[in-house]
Amino acid sequence: MNIIKTVGSSGQISLGKKYAGQTVMLNEIDIGVWIVKLGRFIPDNEKWLHRPDVQTDLNEAVAWAEENSPKETNFEELEARIK
């Protein structure tokens, strides 16, 4: 949904009363282009990353990646193993 707002003389815009007192993160991705994310230091759409079960999986994945260097994949060999 597109909403047209006018920036006031003080440089402010209002998002509306339903957002009053809430924390937002602003990300200027280009001159005059902003992304606004509602949250409490962690954007709402990234909170799932902080669930204990996800944290455990992420920690295990990072530990594995630190101990296992990337290597070339032989696709023919991989295909043979799958069949």
### Query
So which residues in region 19-51 are part of a helix (DSSP H, G or I) and either at pLDDT 95 or above or hydrophobic (A, V, I, L, M, F, W, C) (or both), if there are any at all?
Trp48, Leu49
### Query
Are any residues in region 52-71 surrounded by 10 or more Cβ atoms within 10 Å (Cβ to Cβ) and assigned to a loop (DSSP other than H, G, I, E, B), and if so, which ones?
none
### Task
Mind listing whichever residues of region 36-49 are closer than 16 Å to Gln22 by Cβ and either touching a residue at least 24 places away in the same chain (Cβ under 8 Å) or not acidic (Asp, Glu) (or both)?
Val36, Lys37, Leu38, Gly39, Arg40, Phe41, Ile42, Pro43, Asn45, Lys47
### Query
Of all residues in region 35-47 being of a type outside the set (D, E, K, R) and surrounded by 10 or more Cβ atoms within 10 Å (Cβ to Cβ), which is nearest to Ile13 (Cα to Cα)?
Val36
### Query
Can you name every residue in region 1-18 that is within 21 Å of Asn45 (Cβ to Cβ) and in a loop (DSSP other than H, G, I, E, B)?
Met1, Asn2, Ile3, Leu15, Gly16
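The values are calculated or read from the model by the stated rules, or taken from the named source; none is laboratory data. Being a predicted model, the structure only gives us computed values, none of them experimental. When we count neighbours, we look across all protein chains shown, and the Cβ atoms used for this are built from the backbone with ideal geometry, even at glycine.
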